[in-house]
Each structure stands twice: as structure tokens, then as C-alpha cells.
Amino acid sequence: MLCIVAAITIALSYKQTSTNMKNLLVFLLLLLGSNAILCQQLNVTGTVYNNNSPLEFANVLLLHAKDSSLYKGGLSEEQGKFKFTNVAQGDYFIEASMIGFGKAKSEIFTVATKSINIEALNLVDGIELEEIVVTSKKPFIELKADKMVVNVSNSSVNAGNSALEVLEKSPGVVVDNNDNISLRGKQGVQITINGKNQHMSGDDIARMLQNMPASNIQSIEIITNPSAKYDAEGNSGIINIVLKKNENLGYNGRYSSTFRYSNKASHFHDMSLNYRSDKVNIYGGGEYYNWGGKANMDLIRIIPFNEGETTFDQKSLQDEDGDGYDFKIGMDYSASRQTTISLLGKAGVDRELDDMDVSTKIFGDNMPGFDNLEVLTRGDERSNYQGINAGINHKINDQGFEINFDTDYRKYHRDELINYDNFFRDLENNDVVDPYLLRNDQDTDIEILASTLDLSIPIKENLNIETGIKYSSVNTINETIFEEQDLASSSWNTLLDRSNDFIYDENVTAVYVNGSGNLGKLMIQAGLRMEQTESLGDSPTLNQIVSRSYTDFFPSVSVSRMLGEQNNISLTYSRRIERPNYQSLNPFTFYLDQYTFSKGNPFLNPQYSNAYGLNFALGRKLFVAINYSRTHDAITSVIEQFSEENTTFQTNENLESFNNASLTISMPKVWSEWWTSRLNYTGFYNEFNSPIPSGVLNTSALSHVLNLNNEIQLPMNWAMEMNGRFQSKIQYGLFEIEPRGSLDLGFSKRILNNKGNIKISLNDIFYTNISKIKINQDDINLDVIERDDTRRISVTFGYSFGNQKVKRAKRRTTAAEEANQRI
């Protein structure tokens, strides 16, 4: 009680003098310091072993003897030791556990007047728990042999954020100001949801992730060198987003609401319902979101002309609002002990209103006849999707011989109407020519069909073969109509030279075989995937048809070996492909104003990369990954410029070569039972060499991304998380991205008998996450500064109801599962 009174006294006295956000951090440090000084401590200590060897980073829980409720939790440190400080008087017992091991429990003991040392706890290898009584918190980042797992649901900092913002905080991931996602300095990331390819353009993927609340995500899997079982698509690897799934028996559900404020208010709500019995699992849910945001951008272009130059000083203010909803309903039916049939239906509707005011001051030697150009842009975008998934899994025997069939169908529609009102003025802001009123109606329809048939065959105890086939078909129909208004009659006239249709069809057939097993002390995985691609891009109005047919082989191999009992080293290789998405191929023109726009390139070729990796894990203390890749025909954004017309536009081209080397280091550190830190560092070197439309591109740079995360247990069962991120200068093709960073703070607390929780997050506290981009290549000189709504506060409340008993695990394991774990 003395500790709590002292902490509250300091908090109240300091609150009166706190005047800004920086003081909040000082207050928290004082609060923690006061507890350490004022509290007389009773400690509980002990050691966790595995076969007489100390076991580090095991989950250790201090539980009340009366009802097994959690009092404190932590991890074993060096030499397997753990320590709980400042333990209140009472009866307790200790429980230790770790993935891949059994559980160990101490006898009940009493904390009264002196500290307690517990008899050593021994965890046995490979014991499967029949029932989970207490679920401990997973670390925010888990490092596995074939991937890195970011456990999003455990972070209070991510409360109120979108899936795209969570991705940006993941180790090695960079999201630029155009929402392009790169991994360890390489673009061309394949985004999957629950292991399924979304077959969407980069813009559509970004929009989907922006509208996906982080509260719906269980984890993010980062796979840099996937095996042959995965699609070969994805130049820099695969990022798989795993959505939350309810495994509880009986009827249960969960509801959560998030309220967020920055320049505008936003709110997000979702509910999931689940009924599970031994034979049937029926589940469903829905979410509704209403959001708003503001952004501003400064863009300066200096265009050479003859012996002089012309400067365009452009400032834009953007105001966005949107709302929408998604819902799903599904069923898993166990027809027999060996066969499970699954059905899932999903649908959603989204609307976005976008107002942008762009003001450009023009001065120099090649003036267009006016000094100021003001463009008022009003956009109204509506989209919807429907999808259905069906699958069947049949276990032929209990040794892991099984067959799985899965098929997906999705239909997506988007319609956007944009008005561009152009005003031409002199230095006194007087109109010098009549306004030019333009509008654009864009209509997009996408149909996706994808089916897979996979077979897993255990040859013997330490050898497993996987093989399968996949067929996917994507059909996109795009239509854009430009109209200008006749000011005299107020009628709209179609501009045939700007309007266009674009139809793109792509069919991919794939076959793969993948083997994994042990050869002495080596664990080996090797596979080969063949993909045959047929694509057709047709623009009737431009009379352009681009047809392609090609077959490629994609080998992959991974060799790993245990060094001692806890250390591991592995070598990996894979060949990858990145096909141009339909948005990059679409020859449509997208305007910022009549001098600044972007357009697609229907003649883009796919890019190919060979990727090599060396990974080393020193227990759970240190993880190091060294990667190198060489990419041919690299798809990269370039800037083209027509100086005489003062026009600049962005498009995509294939570069001759792109080399990337990266180093990733991850180090967790348990300072005490109430403070854990995690350092993640990624350094990467990018090198580009290729002729481009403006000249020759020859750039290289070494860049760094640093994440430091601290998790601190506060009094009264509150938890705090502090996350700092720094990104150095990055060179990618033409684009030089200036350094930026941010500091995030989060608090969380479980309430209502652990059925509810509250999360509070403060993102980008000092408003330093600002995008600054420069281009200085040949005759192109461009500077961009963009500020988004990155500084904000969010509050999330979640509540679980119904039967929360965790489903009893089946005591049957298969050879395939064991082989996958070894891999």
C-alpha cells in the first residue's frame, strides 16, 4: 500500500507542473523510480532447467494459489534464473512453460516476512499440453527458422492504428509517402491474407490495409526466402497477415471499439461471434469504420529551358473522409475424424471523399502566360467486394499423409468521380483566362479465381514430400472518361483523346514439389516450382495489344544445423518473380494538375531476382540475418519531363540491374521482471545501374532502420510500451528519401475479470515522421515534403464474452507437422 500511495502522491504533484508531452515521459520515469525507492521488497526467485541445462527466455508466471489467477509474469534470464520483486504477502505457486517443452509447476508457498527461493523447475522436451490453463503473452517479435513473426495483438502502441501503419513498424519494412511497401530496402513485396494472395494492385492493397484496423490482426509473418510451396510472386519476399481466429468451445464472441483523434476524429468498431462444437464451428463478424484525415504537401520543381529555368512552387492541402463496413460468415464441418469441410463468405462496402486544393506559383524563363495556377480537386470514390471460399482437408492416415483442396472467388468494383477546377491568375490573384473545368469518371472491375490442390506425403520419420498444383485467373476491366465543361452552355463534352479503356487478363498455372528432412545433423529443405503465365493487355481506344506467354522455374533450398542445444545456423536460396500489377500496366493518365501527372506502362516486363541468405540464432539472445539479391529488369518508378511544355510525369520502367545487400540484427534483453527491451536493426545497401528516359541512372547508398521497443510493467497492473524508430537516408532508384523517425507510447490494462481490456496509444509524439524526398537526376530537379496525420491519440476498449475455455488440444501429431517445425 505504501508503494501505491507514494506513486499517486508523486503523480498528483507532478501533474500540476506538467505542461507538454515531453514532461509526460519524465513523469513516468519518476513514477517508476519512486516505487523502487519507497517499497520494501519481498522477492520470489528460482531457476528453470531443461535436462539439467539452464533454460533462458522461458515464460514464468507467479499465480495466486486460491484461483490460479495471474499475479505477475516474466521471462527467465541468463542461466535460467527468474526473479519477482515486491511481491505482496499471500499464497502462490510458480508455473513455467516454453514452446516445444512441457510445463512445470512448483509447490504452493507462502510469502510472509522474507523472500522465497523456489526449487528448480525442469521443463521436459516435446510434451504436448492437453489443456491450457493460463495463456502467457507472446513476445512482440518471434524469430523462427523460416520467418519472423510480429505479434500485433500484444502491442498497446498499435491500438487505433491501421494494418499499413503496423507494417511500417515491423523490422526491415519501409512504407514510403506513396504507400509503396519495401522489405530490407527492396520493393516488390507480396502481401497475403491468411496465406492467400490478394491479386490486387499496389494502390488497392494499400487502400485495403489503410482500412483494416490493427485490432483485427493476430500476427504478421515476414518471409524473405519462401519455399517452393509458396507463390513465386514477390521480389523481396512475402508478408503474410494472419487475422484473429477464435478457437474457443461453445458460444463466445468479442467486441472492440477504437476512438482516434488527430486533426480530425475517427472511430472503428468490430464484433466477432463464434460457436464451436466437436463437429461444427460457425463463425462470423463485422466491422464499421468512419475516419477522417488531413495532409499537406510542398513540391518544388525546377525545369531547365534553353539557358534558363522555370520554377513550379506547388502547395497542396488534402482533406479526406471515409466510411465503410465489412462482414463475413463461415463454417468448418468435421465430416469425420479425417475430413474437414470449410466455407467462408465475405463482403464489404467503402466510400471515400477526397478534397484537395493545389496552389502553384510559377516563375522563370518559360512562363505559361499566368503566374498562379489553382486546382480544386473533389473526389468521390465508392467500392465494394464480394468473395467466397471453399475448402476440404482429408487426412489419409495418422502419419501425416493428407490432401487439401482450396478455391477462392472474389469480385471487386470501384467507381470514382473526380472534378478538377482549374483557375489561372496573375500575381494580384486576378483571373487572366477563363477557368478550365474538367472531370474524370474512372470505373474498375476485377474478378479473381484461384484454386489449389496440395498433397503432403511422409516418406519416413525424417523425410516429408509436399507437392501440388495451383491455377489462378485475374480479369480486370478499366474505363476512364474525361469530360470538359463548355462554360457558355454548362454542358459536358467528352475528350476522346484522354478517355480510354483497358482490359487485362492474366492466367497462371503452377506445379511444385518440395522435400524436407534430416541428413545427419543437417536439416534440409529443397524444392522446385514451375509457373506458366499467359497475359493479355488490351487498350481498344489506343489500339494497343500486349500479349505474353512465358514459363519459368523457381528453385529454392534451405540448409540449417543446430550448434549445441540452442544455437542455429542456416543458408537459404530462392529465385523469385515480380509481375507488373495491372495499375502499372494501365496506360491511363492520373492528374495532379495539367503539368504534373502519372501514367502506366503497358510494355513492362516481369522482374526476376536470385536471393541468398545466411541466418544465425544464438539461443534467444541474438538473431543475425545476412541477405543478398540481384534483380534483372527491376520494375522502378521513374520521372520523365518535357521541358518545353513544363510537364513532369511519373511512370514505371524496367531497369537493367538492381543489387541489394542487407544485415538484420535482433536482440531482446530482459532487464528485470518489469522491464524488457528489444532492439531491431536493419542495414541495407542498394545499387542501381541502368539507362532511363532522362539519361543514365547510377546510384548507390547504405541505409539504416532502427527500432527500439521497451515494455514496462507499471503499478496497479498497468503496462506501458515505448517504441522508438529511426530511418536514415534511403536511395531507391531516382528517389532520395531523407531521414525520419518517430516515438510512440502505449498503455494497457486488463479489466472486468480479465474479460475486458483498455489500450491507449500516443503515436508520433513529437511529429517527426515527415516524408522528405529529393530527385536530382540529369535535368530533373524535384523536392517533396509531405506531412500526414501521424501524431494522434487513440483509445481502444475490447471485451470478450461467452465461454472462454480454450479448446482441448488433440493428442495426435503427424510426421508432416514435426518436419515443418524442424524446418
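The values are calculated or read from the model by the stated rules, or taken from the named source; none is laboratory data. Bear in mind the structure is a predicted one, so any value in this text is a computation, not a measurement. Cβ atoms come from the backbone with ideal geometry, glycine included; neighbour counts cover every protein chain shown. Side chains included, ligands, DNA and RNA excluded: accessible areas come from the protein's heavy atoms. Shrake-Rupley method; radii C 1.70, N 1.55, O 1.52, S 1.80 Å.
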Would you calculate the separation in nanometres between label points at Phe259 and Lys669, each defined as 7 Å from the Cα along the Cα-to-beta-carbon direction?
3.9 nm
Once both label points are put 7 Å beyond Cα along the C-beta direction, the Arg378-Ser115 separation in nm becomes 7.1 nm
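Using 1/(1 + (r/R0)^6) with R0 = 30 angstrom and r between the beta carbons of Tyr685 and Phe766, what's the FRET efficiency to the nearest 0.05?
Details: r = 29 Å, r/R0 = 0.98.
In this case the efficiency is close to 0.55.
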Could you give the nm distance between label points at Phe726 and Lys81, where each point is 7 Å from its Cα heading toward the beta carbon?
3.2 nm
Potential extension, Ser277-Ile569 segment - 0.36 nm per residue separation minus Cα distance
100.9 nm
For Lys759, give me every one of the aspartates and glutamates with a C-alpha distance below 15 angstrom, ignoring sequence neighbours fewer than eight places off in its own chain.
Glu711, Glu721, Asp744
On full extension of the chain, what length is gained from Val124 through Arg750, given 0.36 nm per residue of separation minus the C-alpha to C-alpha distance?
222.2 nm
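Report relative contact order for segment 725-799 in percent, whole number only (criteria: Cα-Cα under 8 Å, sequence separation at least 6).
On the way: 148 pairs, mean separation 22.2, N = 75.
Computed value for segment 725-799: 30 percent relative contact order.
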Residues of segment 425-457 with backbone N under 19 Å of the label point set 7 Å from the Cα of His394 along Cα→Cβ are 451-457
Please sort 711-718, 223-230 by packing, taking for each peptide the average over its residues of neighbouring beta carbons within 10 angstrom, highest first.
223-230, 711-718
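Taking R0 as 56 Å, what's the FRET efficiency between Ser491 and Thr339 from their Cβ-Cβ distance, rounded to 0.05?
Values: r = 64 Å, r/R0 = 1.14.
For R0 = 56 Å, the calculated efficiency reads 0.30.
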For Trp291, Trp674, give the ranking by accessible area with the largest first, probe 1.4 Å.
Trp674, Trp291
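Tell me, what is a quarter of the convex hull surface for the C-alpha atoms of segment 304-418, in nm² with one decimal? Each step should come with its number before you reach the end.
Details: hull surface 54.2 nm².
Its Cα hull, projected and averaged over all orientations, spans 13.6 nm².
Efficiency by 1/(1 + (r/R0)^6): what FRET value for Phe405 and Phe603, r their Cβ-Cβ distance, R0 = 45 Å, to the nearest 0.05?
On the way: r = 37 Å, r/R0 = 0.83.
Calculated transfer efficiency: 0.75.
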Packing rank of 394-402, 472-480, 55-63, where each peptide gets the mean count of other beta carbons within 10 Å, highest leading:
55-63, 472-480, 394-402
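Mind checking the full-extension length gain between Ser643 and Tyr288? Use 0.36 nm per residue of separation minus the Cα-Cα distance, one decimal, nm.
On the way: separation 355, 0.36 × 355 = 127.80 nm, distance 4.75 nm.
Result for the pair: 123.0 nm of gain on full extension.
Measure up Lys66/Lys755; Lys72/Lys244; Lys264/Lys729 against 23 Å on the Cα-Cα distance and list the ones that go over.
Numbers: Lys66/Lys755 19 Å; Lys72/Lys244 26 Å; Lys264/Lys729 30 Å.
Correct reply: Lys72/Lys244; Lys264/Lys729.
Would you work out the Kirkwood radius for segment 596-660? I mean one over the mean of 1/r across all pairs of different Cα atoms, in Å. Write out the running numbers ahead of the final one.
Details: mean 1/r = 0.0674 Å⁻¹.
Value: 14.8 Å, from the Cα pair sum.
Just to check, using Stokes-Einstein with a Kirkwood Rh over alpha carbon pairs, what's the diffusion coefficient of segment 599-735 at 25 °C and 0.890 mPa s in µm²/s? It would help to have the intermediate numbers written out before the result.
Values: Rh = 18.2 Å.
The estimated diffusion coefficient comes to 135 µm²/s.
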